[in-house]
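K.L.:
This is the structure I have questions about; it appears just below.
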Amino acid sequence: MEPVKIKENIHWVGAIDYDLRNFHGYLTEEGSTYNSYLIVDDKITLVDTVKENFADEMLERISKIINPAKIDYVVTNHVEMDHSGSLDKVMEVAENATVIISPKGRENLHIDYDEEWNFKTVTTGDQLNIGERNLDFILTPMVHWPDNMVTYSGDDKILFSNDAFGQHFASSERFVDEVSCDIAIKEAKKYYANIVFPYSFQVENVLKKVVDLDIEVIAPSHGLIWRSFITDIVEKYKWWVTKENKEKAVIIYDTMWDSTEKIAYAIQNAFEAKGIDISMKNLDTNHISNIMTDILTAEYVCVGSPTLNNNMLPSVASFLTYLQGLIYGKKTGLAFGSYGWSGESIDHVADLLEKSGFDLLDKIKVNYVPDENTLKEITNGLKKALD
Ligand SMILES: Cc1cc2nc3c(=O)[nH]c(=O)nc-3n(C[C@H](O)[C@H](O)[C@H](O)COP(=O)(O)O)c2cc1C
């Protein structure tokens, strides 16, 4: 694929990873892209690089515009390996280039990289003149590592937002408007829920800074580029960062002999009766990263497990561990499950929900197989609790 012009003298030169399916536990069903951008000005500037195994592809793309040896600056917005993994290859070719990096990035990078390189650390408010344009830097710590920053070219009205506003989505198209706003927002929501969610407080602060910028293009480091629908994605982010994401109930469970599933559907009936949208997520058929997307905008999170050997099912434990790391804000939790003789799973689920910051609405324990009456009692009891 050829480089893609984003603005006059600014080109996408990144890489498309159609085969990626597992991004540290996140199911990337649509693959991903590693976006790097080449700015051709008096000083040739590369914004971010790509995952290590795509270095040659990126250098080949750059070669179609300029000789990569001529690169003067490599802006490293984030040192995670999907963006900095080819930095050494670039610096090998562009021997005299300077790495532009945040202080935390410099600190974290020197473990893996060559201290002989030229470095210039930048912080919020710093500006770098590269010829006809100035680049402004804004530190965005914990969105989503301590070193993160974004780069803004006011002359082009373009924000190189790194992980913010990104999506894991591989396609031959580079712009959201060439695919679909709905698809891009769906993928951006999944990305937010699985990567950025725990840092919503920091994202809120970043949004306050970004809102004052005059932006025509948001160029993230993953996925499609926003040259339209900018208000749509910014408004979504403003909603996702808030603690009040009260839209629906998500019912997550696993089961050995279907009793816990029966309870799950009795719980569903109560939410339906109250006019609350529900989403049923059997852990046997749903990936935890897809479940997180629903949880981002849910008010109620109901988690069910039968008792297996005095504990919950491993699939439920794995989901709750993932949830505990990602959850932000106040939500209401409910623990449920079927048991035979000791019934620890329900208490374990309830404990983990509370430790993750949920207000616990109820614990529903059923001995062995629930009969029709028990299921009706569950539905009616929950309806009352939701009043
Ligand atoms: C391998 C196995 C281990 C179990 N261990 C326990 C246990 O330690 N404590 C308990 O209360 N019930 C235990 N049970 C009973 C189940 O929790 C009970 O059958 C329950 O109704 C299963 O719910 P489900 O149909 O949702 O899978 C065990 C069942 C199996 C098959």
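The values are calculated or read from the model by the stated rules, or taken from the named source; none is laboratory data. Everything numeric here is computed off the predicted structure, so don't read it as measured data. Cβ coordinates were reconstructed from backbone atoms using ideal geometry, including for glycine residues, and neighbour counts include every protein chain displayed.
K.L.:
When the stretch 326-352 is examined, which residues are found to be among the aliphatic types (A, V, I, L, M) and either at pLDDT below 95 or closer than 30 Å to Trp239 by Cβ (or both)?
P.N.:
Leu326, Ile327, Leu334, Ala335, Val349, Ala350, Leu352
K.L.:
For Ala170, all conditions in the list (1) at pLDDT below 95; (2) assigned to a loop (DSSP other than H, G, I, E, B); (3) within 18 Å of Tyr34 (Cβ to Cβ); (4) among the hydrophobic types (A, V, I, L, M, F, W, C) hold save one; what is the number of the exception?
P.N.:
For Ala170, the failing item is (1).
K.L.:
Can you pull out every residue in the stretch 224-277 that is away from the ligand (no atom under 16 Å from the Cβ), over 30 Å from Val210 (Cα atoms), assigned to a helix (DSSP H, G or I) and aliphatic (A, V, I, L, M)?
P.N.:
Ala270, Ala273
K.L.:
Do any strands (runs of 3 or more DSSP E) entirely within the stretch 1-80 hold 2 or more residues that are out of contact with any Cys (no Cβ under 9 Å at 6 or more places or on another chain) and surrounded by fewer than 20 Cβ atoms within 10 Å (Cβ to Cβ), and if so, which? Walk me through how you get there before you give the answer.
P.N.:
Values: elements: 4-7, 10-12, 15-17, 32-34, 37-39, 44-47, 71-76.
Filter on the stretch 1-80 gives 4-7.
K.L.:
Condition first: among the hydrophobic types (A, V, I, L, M, F, W, C), over 26 Å from Lys243 (Cα atoms) and touching a Lys or Arg at 6+ places or on another chain (Cβ under 9 Å). Now tell me which residues in the stretch 312-351 satisfy that.
P.N.:
Ile346
K.L.:
Among the residues of the stretch 92-127, which ones are over 27 Å from the mean Cα position of the chain (by Cα), surrounded by 19 or more Cβ atoms within 10 Å (Cβ to Cβ) and part of a strand (DSSP E or B)?
P.N.:
Thr98
K.L.:
Of all residues being among the acidic types (Asp, Glu) and surrounded by 14 or more Cβ atoms within 10 Å (Cβ to Cβ) in the stretch 352-380, which is farthest from Lys246 (Cα to Cα)? Just the residue, please.
P.N.:
Out of the qualifying residues, it is Glu377.
K.L.:
From the list Ile215, Ile195, exactly one residue is touching a residue at least 12 places away in the same chain (Cβ under 8 Å), of a type outside the set (Gly, Ala, Ser), touching a helix residue (DSSP H, G or I) at 6+ places or on another chain (Cβ under 9 Å) and in a helix (DSSP H, G or I). Which is it?
P.N.:
Just a single option satisfies the conditions, and that option is Ile195.
K.L.:
For the stretch 290-345, name all the residues that are free of Cβ contacts under 8 Å to residues at least 40 places away in the same chain, under 25 Å from Leu27 (Cβ atoms), buried (at least 23 other Cβ atoms within 10 Å of the Cβ) and within 13 Å of the ligand (Cβ to nearest atom).
P.N.:
Scanning the stretch 290-345 gives a single hit, Met312.
K.L.:
Return yes or no: is Lys383 free of Cβ contacts under 8 Å to residues at least 40 places away in the same chain, more than 24 Å from Ser200 (Cα to Cα) and either within 13 Å of the ligand (Cβ to nearest atom) or surrounded by fewer than 18 Cβ atoms within 10 Å (Cβ to Cβ) (or both)? Write out each step before concluding.
P.N.:
Working: free of Cβ contacts under 8 Å to residues at least 40 places away in the same chain: no; more than 24 Å from Ser200 (Cα to Cα): yes; either within 13 Å of the ligand (Cβ to nearest atom) or surrounded by fewer than 18 Cβ atoms within 10 Å (Cβ to Cβ) (or both): yes.
No, not satisfied.
K.L.:
Any residue at all in the stretch 130-141 that is at positive phi and in contact (Cβ under 8 Å) with a residue 60 or more places away in the chain?
P.N.:
Filtering the stretch 130-141 for residues at positive phi gives 131.
Okay, now just the ones that are also in contact (Cβ under 8 Å) with a residue 60 or more places away in the chain, so 131.
There is at least one residue in the stretch 130-141 that is at positive phi and in contact (Cβ under 8 Å) with a residue 60 or more places away in the chain.
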